[in-house]
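S.K.: Here it is, the structure, as structure tokens.
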Amino acid sequence: MSSRQTAPPLILLVLLLAFPQLSETLYAPALPGIAAYFHVSAAAAQWTVSVDFLAFALGVVCWGRLSDRWGRRPALLAALLCYGLGAVLTWFAPTFTLLLLSRALLTFGASAGSIVIQTMLRDLYHGPRLAAVFSLVGGVLALSPAIGPTLGAWLVGAHGIHGVFLFVCALALLLILASFVWGRETRPQGDTGNTGYVQVWRRTRSDRHVLATAWKVAGFNILLFGYYTLAPFTLATLQMPGWVFGVSGLVIAIGGLWGAWLNRSLQPLRGSYRQIQLGWRLSLAGCLGQWLALSLLSGGTAATGLILMQGVVTVGFSFAVPNLMADALHEYRAEQGTAGALLGLKYYLLIAAGMGALSLCFVPSLQYQPLAMLVICVLIAPAGRFLASRRHAFKA
């Protein structure tokens, strides 16, 4: 860890890194209600998720660069204020179009919870310790499927979609206050962020390791967020009550926590590259299991199979993504904020495109979700050979 005395509490950094996912999973149970409230189709309601990821990608570029130029703390506080403003506007949005714009602003600010906090962690930790911290982060992120959908489903049931919007406003206020009081600057002394953006972009655009990492990170995230987007409609087709989706978050959280614990235990023995490969195999097995469950079973049994197999997919996510992220910028120590922004831009644009494709091609059928996830899982595989060419980096 860095010797800087101003390091913020690790628990604050982990919570700030986790809150964008919590915010998104909290929102998922409101999608059918949003479609009904604003009189739009289910596919149109799902477009809000794609807009979120596009705004997230743009925010990553903005806040990552500003974290190098201004410093980590000023960039974080500015982003959280943007998140808070978007949350308030979402609460008051009278039309679906304004809701989309408000959500975009909110998500633009929330992106700092990813890029700025990742940069702060890379400032403070290195090597195996950084991989261990990202595994811890993975465990905390695994809790959001238990908290987000369950809480979101309760809020929608008790107060409608505006109950979710109001909770997000309160969350924004809490994060702003906590970051203002306990947030500290972590940018190494002497780093001024003067490295040219174009210079870093030229390096990353031809770095096959960075490109392969972005492709895989995007794919694993689509497998995760695709469930939150599609499962409410799949479960509704199975005639399951709304609380089933909320409870499914508990199963997914258990899978994520177990995967994070196993990853942290096995990583020193197996190495990051082999953990990433294992994560992909587990995700593929989970997607195949979902297809079999929805093809051969019906009713509550099919829903149980869908949920349990998503737990397996989440175990795979917990193996793969922390190891991918820990070594993603191994050769960009002097410009981590900018390089992290460009990496984030790549994979968030890919996520936005993938989620948009899921919405554009959406068919109200039980087979749509598992087949779409199988396609995504298969598309992840080719990037593995580029990571294999850099296996030595995973051992650093």
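The values are calculated or read from the model by the stated rules, or taken from the named source; none is laboratory data. All values derive from a computational prediction rather than experimental measurement. Reconstructed Cβ throughout: ideal geometry from the backbone, glycine too, with neighbour counts over all protein chains shown.
S.K.: Is it the case that the range 89-99 has a residue that's out of contact with any helix residue (DSSP H, G or I) (no Cβ under 8 Å at 6 or more places or on another chain) and of a type in the set (A, V, I, L, M)?
M.R.: no
S.K.: Are any residues in the range 26-50 closer than 18 Å to L106 by Cα and free of Cβ contacts under 8 Å to residues at least 60 places away in the same chain, and if so, which ones?
M.R.: If the condition is that a residue be closer than 18 Å to L106 by Cα and free of Cβ contacts under 8 Å to residues at least 60 places away in the same chain, then A45, T48 are the ones that fit.
S.K.: Something else about it: Quick check on this structure: which one of L230, L224 is over 20 Å from L278 (Cα atoms) and in a helix (DSSP H, G or I)?
M.R.: L230
S.K.: Another question, if that's okay. How many residues are polar (S, T, N, Q) and modelled with pLDDT of 90 or more when one looks only at the range 369-396?
M.R.: Qualifying residue count for the region: 1.
S.K.: Right, here's the next one. May I ask you to list the residues in the range 49-70 that are among the β-branched types (V, I, T) and buried (at least 23 other Cβ atoms within 10 Å of the Cβ)?
M.R.: Those that are among the β-branched types (V, I, T) and buried (at least 23 other Cβ atoms within 10 Å of the Cβ): V49, V60.
S.K.: Go through (1) in contact (Cβ under 8 Å) with a residue 24 or more places away in the chain; (2) surrounded by 17 or more Cβ atoms within 10 Å (Cβ to Cβ) one by one and return the number of the condition G157 breaks.
M.R.: The number of the failed condition is (2).
S.K.: Select from the range 197-229 the residues that are among the aliphatic types (A, V, I, L, M) and at pLDDT 90 or above and list them in ascending order.
M.R.: Start the filter on the range 197-229 by keeping residues that are among the aliphatic types (A, V, I, L, M), which leaves 198, 200, 210-212, 214, 217-218, 222-224.
Those that are among the aliphatic types (A, V, I, L, M) and at pLDDT 90 or above: A214, V217, A218, I222, L223.
S.K.: Another question, if that's okay. If we keep just the residues of the range 253-285 that are small (G, A, S) and free of Cβ contacts under 8 Å to residues at least 40 places away in the same chain, which is surrounded by the fewest Cβ atoms within 10 Å (Cβ to Cβ)?
M.R.: Per the stated criteria, the residue is S265.
S.K.: A further question on this structure: Being crowded, with 20+ Cβ neighbours inside 10 Å, of a type in the set (D, E, K, R) and modelled with pLDDT of 80 or more, is that true of even one residue in the range 172-187?
M.R.: Yes, the range 172-187 has at least one match.
S.K.: In the list W215, W243, which residue meets the criterion of being part of a helix (DSSP H, G or I) and either among the basic types (K, R) or more than 16 Å from the chain's Cα centre (by Cα) (or both)?
M.R.: W243
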